[in-house]
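Every number here is computed from the coordinates shown, using simple stated rules; none is lab data. All values derive from a computational prediction rather than experimental measurement. Using ideal geometry, Cβ is built from the backbone for each residue, glycine included, and neighbour counts are taken over all protein chains shown.
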Amino acid sequence: MPFPKMLRVRQKFQRSAPMNIASALAEQFGALGILRTINPGARIAVTAGSRGITNIAQIIGSVVQLLKEAGAAPFIIPAMGSHGGATPEGQLALLADYHITETSLGVPIRASMDTTILGTTADGVAVHFSVEALNSDGIVVVNRIKPHTDFQGGSIASGMMKMIAIGLAKRNGAESLHAAAARLGHERVVTSAARVSLANAPILCAIGLVEDPYHQTAIVKVTRPETIEFEEAKLLNEARARMPKLPFDDIDLLIVDQIGKNISGTGMDTNIVGRGVQGYSSSLVPGEMPTPTIRRLFVRSLTPQSHGNAVGIGIADFTTTRMVNSINRNSTYINSLTAMTPQLSKIPMYFDTDRDVIQKAIGSLALPNDAPVRCIRIVDTLSLEEVYVSDAYASEIEGRSDLEALSVAEEMTFDADGNLAS
C-alpha cells in the first residue's frame, strides 16, 4: 500500500496577550503583602519541577530576586517525586536542562531526597515531605496547572496541590501516594495529602501557571496557602479551556516525533492522544474507541531532556530501534513503578527505520485497497500549532475556519537511512 501524501496545516488557536512576568509577580507579591512577612535572612525554599514549563527559569529567577530584595536567603529545591532516577544528581541534571542552576540563579540548589512523615490522611495514608523544605522558614510552590494525564474531571489535577503532595514528597511519598491513589482515586489522595502538608509545613505561598495552546504563559497567579485549593480549581478551568487538540478525531496513523518527561508526565499527553495510562484499545471497529480515535500510534524518538526516561512508550503501537536503544531502563522503571503504571514502560513492536515502521503500521490497518490513509504527524503533544496531515483530510480542511493549509500535498520524504526528514 502506498504511503499517503502529506501537507502542512496550521491550527488557529486563541493566543494570550504578552505578559511582563517579572512585573506581574512583583505586583501580586506586593498586593498580598507576602514579602512584608519575611524576616531578614529567612531561608526560603522555591520549588522547581521536572516539566518543560515555558519561561520557568525566568519565573523562578524573578521569585528569587524578589525574595533577595526582601532580605531573604532563597534556595531552590527540586520537587519532582521520583523523576531523574530518584537521585539528587539526576534531578539536578533535569533542572540544568531548563537553565535552572546555582550559577544561573545565584542561589543554592538543595536536592536531598530525604523525607519525614508529617502525619496521615483520614484514609490512613502517610504523608511524606522533604526535610530540606521543612527545615526552611518558608516555601514558595511553583507549578503549571493543567489537566492530569492519569485521571479526569474534578477540581484539582496537575498543579500546586500535586506539587505539595507528591513533588515535595520525593520518591518515598510519591510511591506511597500513588499506591493509595490506585485504590482510592488520585484526586482524593492528592487533595487529602496536600491538606496535611499545608497544615504542617511552612508554605509561604504558591504560584499557579497556565499556558495557552501555543505553550506560552497565559496566567501567573500568586496565592496564599489558605486559598491554594480554591484558586487551583479556577485555574484548572482556565487550563482546560486553553487545552490544544489534534485537528481531527478520526486517525488511522498518528506519528509522534518525540515523547519525554519535559513534554508530559506520561511522555505524551493522554488528554491529546486519548489513550489511558492503564491500557487502551486499538480496535479497527468504528465507535469502539474514545475520541480521538487513533488506530495506530508511532513514536519516533525520545527527547534529550528525558535523560533516558521513556515512560509513555507503552502507549504507542510502534516505535524505532533507535528509540529503544535510547531508553534508560533504571530511570524509566523507577518512575513507572513509583506511579503504579507498569503499562507505560512496555516496549511496543519496533523496526530499524521510520519507513519500515510506517509500512508495517499501515499494513496492520486492514484498509480496503482504495481507502486513503488518514495520517497525522506531530512534533509532540505540546506542539500542535503546525502539523502534517495526509491528503485524505484535504476536503475537510477547506471547510474549517480554524485550519489553514500551508503547503500542497507531497510525498513523505526520507533520508538515506530511511527515516523521516525533520
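Each peptide in 173-183, 264-274 receives the mean, over its residues, of other Cβ atoms within 10 Å, and ordering these scores from highest gives 264-274, 173-183. Sort out for me the Cα centre separation of the range 35-107 from the range 233-276, rounded to whole Å. The two parts, judged by their Cα centres, are 27 Å apart. Note on the chain: with a GNM built from Cα contacts shorter than 10 Å, the maximum mean-square fluctuation among GLY33, GLY312, GLY138 falls on GLY33.
Pull up the cross-link candidates among the lysines for LYS221, meaning alpha carbon to alpha carbon under 17 Å and not fewer than 8 places away within one chain. Within reach: LYS146, LYS162, LYS234. Sorting TYR393, TYR388 from the fewest to the most surrounding beta carbons within 10 angstrom yields TYR388, TYR393. Secondary structure note: in the chain, about 45% of the DSSP beta bridges are antiparallel. Between THR227, THR116, THR338, the GNM of the chain built on Cα springs shorter than 10 angstrom shows THR227 fluctuating the most. Put the Cα centre of the range 356-422 next to the Cα centre of the range 122-147 and the gap is 43 Å. For the range 96-211, the share of DSSP beta bridges that are antiparallel, to the nearest 5, is 50%. Helical runs (DSSP H, four residues minimum) scored at -39500 (n - 2.57) apiece and divided by the length of the chain put the mean residue ellipticity at 222 nm at -8500 deg cm²/dmol. Candidate cross-link partners of LYS346 among the lysines, defined by an alpha-carbon separation under 20 Å and a same-chain spacing of 8 or more, comprise LYS261, LYS360. Close amide-amide hydrogen proximity is noted between ILE263 and GLY52, each under 5 Å apart and 5 or more residues distant or on a separate chain (H modeled in the peptide plane; Pro and chain starts excluded).
Could you give me the ³J(HN,Hα) list for the range 11-27, computed from phi with Karplus coefficients 6.51, -1.76, 1.60 and θ = phi - 60°, whole Hz, x at Gly and Pro? With coefficients 6.51, -1.76 and 1.60, one gets 8, 9, 9, 7, 8, 7, 6, x, 10, 8, 5, 4, 5, 4, 5, 4, 5 Hz. Within 10 Å of each candidate Cβ there may be at most 13 other Cβ atoms; applying that plus a DSSP loop requirement, which GluC sites (Glu not before Pro) in the range 327-422 survive? Answer by residue number: GLU411.
Could you tell me which of rounded, prolate or oblate describes the chain, using a ≥ b ≥ c as the square roots of the eigenvalues of the alpha-carbon gyration tensor, with rounded for a/c under 1.5 and, failing that, prolate when a/b is larger than b/c and oblate otherwise? Taking the square roots of the gyration eigenvalues as a ≥ b ≥ c, the chain is prolate. Net charge in the neighbourhood of PRO40 (other residues with Cβ under 14 Å of its Cβ; Lys, Arg +1, Asp, Glu -1) is +1. Going from the residue with the fewest nearby Cβ atoms within 10 Å to the one with the most, CYS375, CYS205 rank CYS205, CYS375. For the range 21-241, the antiparallel share of DSSP beta bridges with both residues in that region comes to about 45%.
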